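Enquirer: Here it is, the structure in full.
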């Protein structure tokens, strides 16, 4: 028995820009084309031509007030927090001057939105529809992740992966740059390595990398181009989404690919007509 064998696979969350909604798939489903494979779904209340267009991120988190919530970001200019049990929006912001690509929630009731244009992180209190209380510049910010193991917020942009120290609570929360890792490409995605609290996955223009948090050294683990999202199941199976030039947007596609623990492609799941912008594990846990 391998060290991964007894671990359970989580459902797989996707942001599908063809329907502008969140689709969560049964990890054991062999056919993603029908409704039986979908275990949870949510549709954005707007689409093309609205601030809801181009749903770009989704992730599951826990709160004291609402239980489990779903965070969503749309690069058309919207970010929101949704109750998992009812699908109701309990917090949202409209950001016409920004292009939100990723969203995260950190302790103290603070939501962080990463926007590729104009290139910044914006912090919001999650209890009201208000303007951001803090802005941190980060050129072409595309990914953000809170790391409870180290009490840090990670964010990725152009040629930099930055670790921020988090202090304060609520609207007194501040981010202070702790350290940064430099690379050559345009940063795209940032996710934990499930099963290893000392590592992160990140992707850029040229491939996928595994970062050792302690040493800040990284190595390329996948040379595929156009990888928009990369994660792994606790079982060791890796999952990736990448541009497939299969739809009008070009940066998504209908297929999610599955690789073994060494990164060798094994199988794929396709939902005809879908345009998956990202893929995440449907769990609020960082590890």
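Enquirer: Among the candidates 184, 128, which residue alone is over 26 Å from residue 53 (Cβ atoms), in contact with a strand residue (DSSP E or B) (Cβ under 9 Å, 6 or more places away or on another chain) and touching a residue at least 12 places away in the same chain (Cβ under 8 Å)?
Expert: Unique residue meeting the criteria: 184.
Enquirer: Show the residue pairs meeting these rules: Cβ distance below 8 Å; 6+ apart or different chains; first residue within the stretch 259-287 and on the phi > 0 side of the Ramachandran plot and in a loop (DSSP other than H, G, I, E, B); second residue modelled with pLDDT of 95 or more and surrounded by fewer than 18 Cβ atoms within 10 Å (Cβ to Cβ).
Expert: Going by the 8 Å Cβ cut-off, the qualifying pairs are 263/221.
Enquirer: Write out, first by first residue and then by second, each pair whose Cβ atoms fall under 7 Å of each other, whose residues are 6+ apart or on separate chains, and whose first residue, in the stretch 21-46, is under 25 Å from residue 88 (Cβ atoms) while the second is in a helix (DSSP H, G or I).
Expert: Correct list of pairs: 25/37; 26/37.
Enquirer: Could I ask something else about it? Scan the stretch 245-258 residue by residue and report those that are under 17 Å from residue 19 (Cβ atoms) and either assigned to a strand (DSSP E or B) or touching a strand residue (DSSP E or B) at 6+ places or on another chain (Cβ under 6 Å) (or both).
Expert: Across the stretch 245-258, the qualifying residues are 252, 254, 255, 256.
Enquirer: Test of understanding: among 118, 96, 148, which residue is more than 21 Å from residue 58 (Cβ to Cβ), touching a residue at least 24 places away in the same chain (Cβ under 8 Å) and either crowded, with 24+ Cβ neighbours inside 10 Å or out of contact with any strand residue (DSSP E or B) (no Cβ under 8 Å at 6 or more places or on another chain) (or both)?
Expert: 96
Enquirer: Could you list, in sequence order, the residues of the stretch 186-205 that are outside any strand (DSSP E or B) and either crowded, with 17+ Cβ neighbours inside 10 Å or touching a helix residue (DSSP H, G or I) at 6+ places or on another chain (Cβ under 6 Å) (or both)?
Expert: Those that are outside any strand (DSSP E or B) and either crowded, with 17+ Cβ neighbours inside 10 Å or touching a helix residue (DSSP H, G or I) at 6+ places or on another chain (Cβ under 6 Å) (or both): 187, 188, 193, 194.
Enquirer: Check whether at least one residue in the stretch 84-93 is farther than 26 Å from residue 160 by Cα, over 19 Å from the mean Cα position of the chain (by Cα) and in a strand (DSSP E or B), and report yes or no.
Expert: Yes, the stretch 84-93 contains a residue that is farther than 26 Å from residue 160 by Cα, over 19 Å from the mean Cα position of the chain (by Cα) and in a strand (DSSP E or B).
Enquirer: Quick one: would you say residue 176 is outside any loop (DSSP other than H, G, I, E, B), touching a strand residue (DSSP E or B) at 6+ places or on another chain (Cβ under 6 Å) and surrounded by 15 or more Cβ atoms within 10 Å (Cβ to Cβ)?
Expert: No.
Enquirer: Restricting attention to the stretch 48-76, which residues are without any contact (Cβ under 8 Å) to a residue 24 or more places away in the chain and either in contact with a strand residue (DSSP E or B) (Cβ under 6 Å, 6 or more places away or on another chain) or within 15 Å of residue 94 (Cβ to Cβ) (or both)?
Expert: Within the stretch 48-76, just 49 meets the criteria.
Enquirer: Within the stretch 121-134, is there a residue that is farther than 30 Å from residue 183 by Cβ and part of a strand (DSSP E or B)?
Expert: yes
The values are calculated or read from the model by the stated rules, or taken from the named source; none is laboratory data. Everything numeric in this text was worked out from a predicted model, so none of it was measured. Note that we place each Cβ from the backbone using ideal geometry, even for glycine, and neighbour counts take in every protein chain shown.
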